[in-house]
1. Running a GNM on chain A with Cα contacts under 10 Å, which residue among A:Gly79, A:Gly43, A:Gly178 ends up with the highest mean-square fluctuation?
2. Could you work out the mean count of beta carbons from other protein chains within 10 Å of each residue's beta carbon in B:83-91?
3. So how tilted is helix B:150-160 from the main axis of chain B? Cα-based, degrees 0 to 90, rounded to 10.
4. Quick one: what do you get for chain A if you divide its Cα Rg by 2.2 N^0.38 Å?
5. If the chain between A:Gln31 and A:Gln99 were fully stretched, how many nm would it gain, using 0.36 nm times the residue separation less the Cα-Cα distance?
6. Using r as the Cβ-Cβ distance of A:Lys3 and A:Leu129, and R0 as 45 Å, what FRET efficiency do you calculate, to the nearest 0.05?
7. Can you give the FRET efficiency to the nearest 0.05 for B:Asn35 and A:Gln106, using r as the Cβ-Cβ distance and R₀ = 30 Å?
8. Any idea what % of Cα-Cα pairs in the protein assembly as shown are farther than 36 Å?
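The values are calculated or read from the model by the stated rules, or taken from the named source; none is laboratory data. Quick caveat, the model's predicted, so the values are computed rather than measured. When we count neighbours, we look across all protein chains shown, and the Cβ atoms used for this are built from the backbone with ideal geometry, even at glycine. Accessible surface is based on the protein model in full, side chains and every heavy atom, while ligands, DNA and RNA are left aside. Shrake-Rupley method; radii C 1.70, N 1.55, O 1.52, S 1.80 Å.
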Amino acid sequence: MAKYVCPICGYTYDEALGRPEDGIAPGTIWQDVPEDWVCPLCGASKSVFEGQATPEPKAVPAASTMQAQEEPLRELSVGELAALCTNLAKGCEKQYRAQEAELFSQLAAYYESRIPMSEPKDFSQLLALIEQELKSDYPAAKDTAAANQDRGSLRALTWGEKVSRILVSLLGKFEKQGDAMLDGTNVYVCDICGFVYIGNEPPEICPVCKVPSLKISMIAKEAV
Amino acid sequence: MYAVRNIRLCTKDCLCLYVCPTGATDTETGQIDRNKCISGCRVCVDTCPSHAISLVPERYPPQQEKKASVLAVMRALSASKVKQEQLFAQLEQTAPSEPARRLASAMRRSSRLMAEDVLRESGYMLPQSENVQTLLRNELESVKDEAYPKDAAKRLMELLKQ
(Lines give C-alpha, C1' and ligand atoms only; values in the text may rest on other atoms or scores of the structure.)
Protein backbone atom coordinates (compact mmCIF):
# COMPACT_ATOMS: atom_id res chain seq x y z
CA MET A 1 0.00 0.00 0.00
CA ALA A 2 1.35 3.39 -0.96
CA LYS A 3 1.33 6.78 0.72
CA TYR A 4 0.66 10.20 -0.79
CA VAL A 5 1.84 13.43 0.76
CA CYS A 6 0.38 16.93 0.60
CA PRO A 7 3.26 19.16 -0.51
CA ILE A 8 1.73 22.14 1.26
CA CYS A 9 1.20 20.95 4.81
CA GLY A 10 2.77 17.49 4.86
CA TYR A 11 -0.47 15.54 5.55
CA THR A 12 0.01 11.94 4.46
CA TYR A 13 -2.74 9.84 2.89
CA ASP A 14 -2.00 6.22 3.68
CA GLU A 15 -3.88 3.79 1.42
CA ALA A 16 -3.83 1.20 4.21
CA LEU A 17 -5.64 3.58 6.59
CA GLY A 18 -7.88 5.40 4.12
CA ARG A 19 -9.72 8.35 5.57
CA PRO A 20 -12.87 7.00 7.28
CA GLU A 21 -13.84 10.51 8.49
CA ASP A 22 -14.33 11.43 4.83
CA GLY A 23 -16.00 8.14 3.94
CA ILE A 24 -12.85 6.64 2.44
CA ALA A 25 -12.46 3.09 3.73
CA PRO A 26 -9.11 1.63 4.81
CA GLY A 27 -7.42 -0.01 1.85
CA THR A 28 -8.73 2.49 -0.70
CA ILE A 29 -6.05 2.98 -3.31
CA TRP A 30 -5.16 6.52 -4.35
CA GLN A 31 -6.80 6.20 -7.80
CA ASP A 32 -10.13 5.44 -6.09
CA VAL A 33 -10.04 8.48 -3.79
CA PRO A 34 -12.65 10.89 -5.24
CA GLU A 35 -11.19 13.64 -7.40
CA ASP A 36 -12.96 16.32 -5.35
CA TRP A 37 -11.48 15.08 -2.08
CA VAL A 38 -9.25 17.74 -0.51
CA CYS A 39 -6.48 17.65 2.05
CA PRO A 40 -8.17 17.49 5.47
CA LEU A 41 -5.60 19.83 7.00
CA CYS A 42 -5.07 22.59 4.49
CA GLY A 43 -7.71 22.15 1.80
CA ALA A 44 -5.28 21.49 -1.07
CA SER A 45 -6.82 19.58 -3.96
CA LYS A 46 -6.09 15.89 -4.54
CA SER A 47 -4.20 16.68 -7.75
CA VAL A 48 -1.31 18.38 -5.93
CA PHE A 49 -0.52 15.35 -3.74
CA GLU A 50 2.72 13.57 -4.47
CA GLY A 51 3.57 9.90 -4.16
CA GLN A 52 5.84 9.28 -1.19
CA ALA A 53 9.21 8.23 -2.45
CA THR A 54 12.64 9.03 -1.21
CA PRO A 55 13.58 11.92 -3.42
CA GLU A 56 16.89 11.74 -5.22
CA PRO A 57 19.21 14.16 -3.54
CA LYS A 58 19.08 17.17 -5.79
CA ALA A 59 22.38 18.41 -7.08
CA VAL A 60 22.82 21.89 -5.73
CA PRO A 61 24.53 24.12 -8.25
CA ALA A 62 27.68 25.60 -6.79
CA ALA A 63 27.43 29.28 -6.03
CA SER A 64 30.31 30.03 -8.37
CA THR A 65 28.50 28.54 -11.35
CA MET A 66 25.55 30.84 -10.88
CA GLN A 67 25.64 33.80 -13.15
CA ALA A 68 26.87 36.81 -11.29
CA GLN A 69 24.37 39.60 -11.59
CA GLU A 70 26.65 42.54 -12.10
CA GLU A 71 24.08 44.94 -13.47
CA PRO A 72 22.50 47.10 -10.78
CA LEU A 73 19.14 45.95 -9.49
CA ARG A 74 16.18 47.67 -11.03
CA GLU A 75 14.52 50.23 -8.82
CA LEU A 76 11.65 49.14 -6.62
CA SER A 77 8.22 49.92 -8.06
CA VAL A 78 5.74 52.01 -6.05
CA GLY A 79 3.79 48.82 -5.33
CA GLU A 80 6.90 47.18 -3.93
CA LEU A 81 7.74 50.29 -1.90
CA ALA A 82 4.23 50.18 -0.43
CA ALA A 83 4.68 46.54 0.60
CA LEU A 84 8.16 47.27 1.96
CA CYS A 85 6.81 50.09 4.11
CA THR A 86 3.85 48.12 5.50
CA ASN A 87 6.29 45.38 6.42
CA LEU A 88 8.67 47.81 8.12
CA ALA A 89 5.68 49.25 9.99
CA LYS A 90 4.99 45.74 11.30
CA GLY A 91 8.64 45.37 12.27
CA CYS A 92 8.43 48.61 14.29
CA GLU A 93 5.21 47.49 15.92
CA LYS A 94 6.90 44.28 17.09
CA GLN A 95 9.59 46.41 18.69
CA TYR A 96 6.89 48.49 20.40
CA ARG A 97 7.86 51.53 18.32
CA ALA A 98 4.41 52.89 17.64
CA GLN A 99 5.57 56.25 16.30
CA GLU A 100 7.88 54.72 13.70
CA ALA A 101 5.16 52.23 12.72
CA GLU A 102 2.77 55.12 12.09
CA LEU A 103 5.35 56.98 9.97
CA PHE A 104 5.99 53.91 7.81
CA SER A 105 2.23 53.55 7.38
CA GLN A 106 2.11 57.12 6.09
CA LEU A 107 4.80 56.35 3.53
CA ALA A 108 2.99 53.16 2.53
CA ALA A 109 -0.27 55.05 2.04
CA TYR A 110 1.52 57.53 -0.21
CA TYR A 111 3.04 54.79 -2.39
CA GLU A 112 -0.28 52.97 -2.54
CA SER A 113 -1.98 56.09 -3.86
CA ARG A 114 0.55 56.18 -6.69
CA ILE A 115 0.12 52.61 -7.97
CA PRO A 116 -0.95 52.83 -11.61
CA MET A 117 -4.03 50.86 -12.70
CA SER A 118 -3.26 47.98 -15.00
CA GLU A 119 -5.14 46.00 -17.60
CA PRO A 120 -7.77 44.06 -15.62
CA LYS A 121 -7.57 40.28 -15.54
CA ASP A 122 -10.12 37.68 -14.51
CA PHE A 123 -9.65 34.82 -12.06
CA SER A 124 -8.55 32.37 -14.77
CA GLN A 125 -5.90 34.73 -16.06
CA LEU A 126 -4.61 35.25 -12.54
CA LEU A 127 -4.56 31.49 -12.06
CA ALA A 128 -2.38 31.23 -15.18
CA LEU A 129 -0.01 33.92 -13.86
CA ILE A 130 0.51 32.11 -10.56
CA GLU A 131 0.96 28.77 -12.31
CA GLN A 132 3.64 30.33 -14.46
CA GLU A 133 5.37 31.64 -11.35
CA LEU A 134 5.30 28.18 -9.79
CA LYS A 135 6.74 26.67 -12.93
CA SER A 136 9.62 29.06 -13.47
CA ASP A 137 10.19 31.80 -10.87
CA TYR A 138 10.00 29.75 -7.69
CA PRO A 139 12.25 26.87 -8.80
CA ALA A 140 14.85 29.31 -10.17
CA ALA A 141 14.76 31.43 -7.04
CA LYS A 142 14.97 28.45 -4.70
CA ASP A 143 17.96 27.04 -6.61
CA THR A 144 19.76 30.37 -6.39
CA ALA A 145 18.99 30.79 -2.68
CA ALA A 146 20.13 27.21 -1.97
CA ALA A 147 23.33 27.66 -3.98
CA ASN A 148 24.13 30.72 -1.90
CA GLN A 149 23.11 29.00 1.34
CA ASP A 150 20.70 31.83 1.98
CA ARG A 151 18.26 30.06 4.26
CA GLY A 152 16.30 33.21 5.06
CA SER A 153 15.39 33.67 1.42
CA LEU A 154 14.80 29.94 1.09
CA ARG A 155 12.34 30.12 3.98
CA ALA A 156 10.37 32.96 2.37
CA LEU A 157 10.40 31.15 -0.97
CA THR A 158 9.25 27.87 0.55
CA TRP A 159 6.29 29.51 2.29
CA GLY A 160 5.47 31.61 -0.78
CA GLU A 161 5.55 28.59 -3.04
CA LYS A 162 3.21 26.63 -0.77
CA VAL A 163 0.80 29.53 -0.43
CA SER A 164 0.86 30.07 -4.20
CA ARG A 165 0.00 26.41 -4.67
CA ILE A 166 -2.99 26.82 -2.38
CA LEU A 167 -4.11 29.85 -4.39
CA VAL A 168 -3.86 27.78 -7.58
CA SER A 169 -5.80 24.96 -5.92
CA LEU A 170 -8.58 27.31 -4.79
CA LEU A 171 -8.75 29.21 -8.08
CA GLY A 172 -9.05 25.90 -9.95
CA LYS A 173 -11.87 24.84 -7.67
CA PHE A 174 -13.54 28.23 -8.05
CA GLU A 175 -13.44 27.88 -11.82
CA LYS A 176 -15.39 24.64 -11.55
CA GLN A 177 -17.77 25.41 -8.70
CA GLY A 178 -18.16 29.18 -8.90
CA ASP A 179 -19.81 31.01 -6.01
CA ALA A 180 -21.13 27.73 -4.56
CA MET A 181 -17.60 27.11 -3.31
CA LEU A 182 -18.12 29.78 -0.65
CA ASP A 183 -21.74 29.00 0.19
CA GLY A 184 -22.31 29.06 3.94
CA THR A 185 -18.63 28.97 4.73
CA ASN A 186 -15.80 31.36 5.57
CA VAL A 187 -12.57 32.49 4.00
CA TYR A 188 -9.49 32.88 6.19
CA VAL A 189 -6.05 34.36 5.54
CA CYS A 190 -2.99 33.71 7.69
CA ASP A 191 -1.65 37.15 8.74
CA ILE A 192 1.89 35.83 8.69
CA CYS A 193 2.39 33.85 5.47
CA GLY A 194 -0.79 34.56 3.47
CA PHE A 195 -2.15 30.99 3.51
CA VAL A 196 -5.81 31.04 2.40
CA TYR A 197 -8.31 28.58 3.88
CA ILE A 198 -11.97 27.95 3.16
CA GLY A 199 -13.98 26.39 5.97
CA ASN A 200 -16.18 27.01 8.95
CA GLU A 201 -13.34 27.36 11.44
CA PRO A 202 -9.72 28.34 10.86
CA PRO A 203 -7.16 25.54 11.29
CA GLU A 204 -5.64 25.39 14.79
CA ILE A 205 -2.25 26.22 13.38
CA CYS A 206 -1.40 27.51 9.93
CA PRO A 207 -0.44 24.46 7.83
CA VAL A 208 2.24 26.47 6.04
CA CYS A 209 3.98 28.65 8.65
CA LYS A 210 2.61 26.91 11.80
CA VAL A 211 1.49 30.10 13.52
CA PRO A 212 -1.43 29.59 15.95
CA SER A 213 -4.93 30.44 14.76
CA LEU A 214 -5.11 33.74 16.62
CA LYS A 215 -2.99 35.03 13.73
CA ILE A 216 -5.40 33.71 11.12
CA SER A 217 -8.06 36.27 10.13
CA MET A 218 -11.49 35.79 8.64
CA ILE A 219 -12.39 37.87 5.61
CA ALA A 220 -15.59 39.67 6.58
CA LYS A 221 -18.66 39.06 4.45
CA GLU A 222 -20.08 42.17 2.85
CA ALA A 223 -22.99 43.60 4.83
CA VAL A 224 -26.28 42.90 3.05
CA MET B 1 17.82 46.22 26.63
CA TYR B 2 14.60 47.51 28.12
CA ALA B 3 11.49 45.59 29.11
CA VAL B 4 8.22 45.51 27.16
CA ARG B 5 4.95 43.83 28.07
CA ASN B 6 2.80 41.84 25.65
CA ILE B 7 -0.71 42.83 26.70
CA ARG B 8 -2.19 39.78 24.99
CA LEU B 9 -0.25 37.47 27.27
CA CYS B 10 -0.36 39.51 30.49
CA THR B 11 -2.71 37.91 33.03
CA LYS B 12 -2.31 40.69 35.62
CA ASP B 13 -0.46 38.61 38.17
CA CYS B 14 1.32 41.79 39.19
CA LEU B 15 4.60 40.14 40.17
CA CYS B 16 6.38 42.62 37.93
CA LEU B 17 5.01 45.39 40.13
CA TYR B 18 6.39 43.72 43.24
CA VAL B 19 9.90 43.24 41.89
CA CYS B 20 10.60 46.33 39.80
CA PRO B 21 13.12 48.43 41.73
CA THR B 22 12.06 51.67 40.02
CA GLY B 23 8.31 51.27 39.58
CA ALA B 24 8.70 51.27 35.79
CA THR B 25 6.19 48.42 35.35
CA ASP B 26 3.33 50.22 37.11
CA THR B 27 1.74 52.52 34.52
CA GLU B 28 -1.74 53.50 33.42
CA THR B 29 -1.07 52.48 29.78
CA GLY B 30 -0.13 48.88 30.51
CA GLN B 31 3.28 49.50 28.99
CA ILE B 32 6.52 49.65 30.91
CA ASP B 33 7.97 53.14 31.40
CA ARG B 34 11.09 53.05 29.29
CA ASN B 35 12.60 56.06 31.05
CA LYS B 36 12.46 54.34 34.42
CA CYS B 37 13.42 50.86 33.20
CA ILE B 38 16.98 49.85 34.11
CA SER B 39 18.71 48.58 30.98
CA GLY B 40 19.33 44.83 31.14
CA CYS B 41 17.87 44.43 34.68
CA ARG B 42 15.32 41.77 33.57
CA VAL B 43 13.97 40.99 37.05
CA CYS B 44 10.40 41.46 35.79
CA VAL B 45 11.09 39.24 32.78
CA ASP B 46 12.19 36.37 34.96
CA THR B 47 9.47 36.75 37.56
CA CYS B 48 6.47 37.04 35.22
CA PRO B 49 4.51 33.75 35.49
CA SER B 50 2.80 34.24 32.13
CA HIS B 51 5.95 35.07 30.17
CA ALA B 52 4.43 38.33 29.01
CA ILE B 53 7.54 40.50 29.41
CA SER B 54 10.58 40.46 27.20
CA LEU B 55 13.60 42.65 26.56
CA VAL B 56 13.99 44.77 23.46
CA PRO B 57 17.50 45.82 22.49
CA GLU B 58 18.47 49.44 21.94
CA ARG B 59 20.89 48.48 19.21
CA TYR B 60 20.74 45.75 16.61
CA PRO B 61 23.59 44.04 14.76
CA PRO B 62 24.17 44.78 11.07
CA GLN B 63 21.94 42.70 8.82
CA GLN B 64 23.09 39.58 7.00
CA GLU B 65 24.40 40.51 3.61
CA LYS B 66 22.44 39.36 0.59
CA LYS B 67 24.08 38.14 -2.60
CA ALA B 68 23.31 40.05 -5.78
CA SER B 69 22.16 36.88 -7.54
CA VAL B 70 19.69 36.13 -4.74
CA LEU B 71 18.41 39.71 -4.78
CA ALA B 72 17.80 39.49 -8.52
CA VAL B 73 15.58 36.39 -8.25
CA MET B 74 13.79 37.72 -5.19
CA ARG B 75 13.09 40.97 -6.99
CA ALA B 76 11.43 39.08 -9.83
CA LEU B 77 9.03 37.53 -7.32
CA SER B 78 8.29 40.73 -5.40
CA ALA B 79 7.36 42.33 -8.72
CA SER B 80 4.99 39.54 -9.73
CA LYS B 81 3.37 39.29 -6.29
CA VAL B 82 2.76 43.04 -6.18
CA LYS B 83 1.27 42.85 -9.65
CA GLN B 84 -1.03 40.02 -8.61
CA GLU B 85 -2.03 41.91 -5.48
CA GLN B 86 -3.13 44.81 -7.61
CA LEU B 87 -5.05 42.61 -10.04
CA PHE B 88 -6.86 40.92 -7.15
CA ALA B 89 -7.61 44.39 -5.72
CA GLN B 90 -9.25 45.32 -9.01
CA LEU B 91 -11.25 42.09 -9.00
CA GLU B 92 -12.31 42.80 -5.44
CA GLN B 93 -13.94 45.98 -6.77
CA THR B 94 -15.37 44.66 -10.01
CA ALA B 95 -16.28 40.98 -9.55
CA PRO B 96 -20.03 40.48 -10.04
CA SER B 97 -20.80 38.50 -6.86
CA GLU B 98 -20.11 38.74 -3.13
CA PRO B 99 -18.32 35.37 -2.87
CA ALA B 100 -16.06 36.26 -5.80
CA ARG B 101 -15.20 39.62 -4.23
CA ARG B 102 -14.51 37.94 -0.90
CA LEU B 103 -12.19 35.42 -2.55
CA ALA B 104 -10.42 38.25 -4.40
CA SER B 105 -10.04 40.13 -1.12
CA ALA B 106 -8.43 37.11 0.55
CA MET B 107 -6.06 36.62 -2.38
CA ARG B 108 -5.17 40.31 -2.50
CA ARG B 109 -4.11 40.14 1.15
CA SER B 110 -2.31 36.88 0.57
CA SER B 111 -0.35 38.32 -2.37
CA ARG B 112 0.61 41.39 -0.34
CA LEU B 113 1.89 39.24 2.51
CA MET B 114 4.00 37.17 0.13
CA ALA B 115 5.38 40.35 -1.47
CA GLU B 116 6.21 41.74 1.98
CA ASP B 117 7.96 38.54 2.96
CA VAL B 118 10.09 38.44 -0.19
CA LEU B 119 11.04 42.10 0.24
CA ARG B 120 11.98 41.75 3.89
CA GLU B 121 14.25 38.87 2.95
CA SER B 122 15.79 41.10 0.27
CA GLY B 123 17.74 43.14 2.76
CA TYR B 124 14.93 45.09 4.40
CA MET B 125 14.15 42.99 7.45
CA LEU B 126 15.23 45.40 10.18
CA PRO B 127 13.84 48.94 10.30
CA GLN B 128 17.11 50.14 11.89
CA SER B 129 19.28 48.72 9.11
CA GLU B 130 21.63 50.68 6.90
CA ASN B 131 19.62 49.57 3.85
CA VAL B 132 16.51 51.27 5.17
CA GLN B 133 18.47 54.47 5.87
CA THR B 134 19.82 54.42 2.32
CA LEU B 135 16.40 53.76 0.83
CA LEU B 136 14.82 56.66 2.74
CA ARG B 137 17.70 58.98 1.82
CA ASN B 138 17.43 58.10 -1.88
CA GLU B 139 13.67 58.57 -1.88
CA LEU B 140 14.02 61.98 -0.20
CA GLU B 141 16.46 63.02 -2.91
CA SER B 142 14.71 61.60 -5.92
CA VAL B 143 10.95 61.88 -5.32
CA LYS B 144 9.80 65.28 -6.53
CA ASP B 145 6.09 64.70 -5.93
CA GLU B 146 4.63 67.34 -3.58
CA ALA B 147 2.42 64.74 -1.92
CA TYR B 148 5.39 62.63 -0.79
CA PRO B 149 5.43 62.71 3.03
CA LYS B 150 8.95 64.12 3.33
CA ASP B 151 8.66 64.90 7.02
CA ALA B 152 7.72 61.32 7.80
CA ALA B 153 10.74 60.02 5.89
CA LYS B 154 13.11 62.50 7.58
CA ARG B 155 11.74 61.77 11.02
CA LEU B 156 12.10 58.02 10.42
CA MET B 157 15.74 58.47 9.46
CA GLU B 158 16.39 60.25 12.74
CA LEU B 159 14.41 57.88 14.92
CA LEU B 160 15.91 54.73 13.42
CA LYS B 161 19.52 55.90 13.16
CA GLN B 162 21.74 53.62 15.22
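1. Of A:Gly79, A:Gly43, A:Gly178, the Gaussian network model singles out A:Gly79 as fluctuating most.
2. Mean inter-chain Cβ contacts per residue within 10 Å come to 6.
3. With rounding to tens, the tilt is 40 degrees.
4. Cα Rg divided by the expected 2.2 N^0.38 Å: 1.19.
5. Residue separation times 0.36 nm, minus the Cα-Cα distance, leaves 18.8 nm.
6. So the FRET efficiency works out to roughly 0.90.
7. 0.70
8. 34 percent
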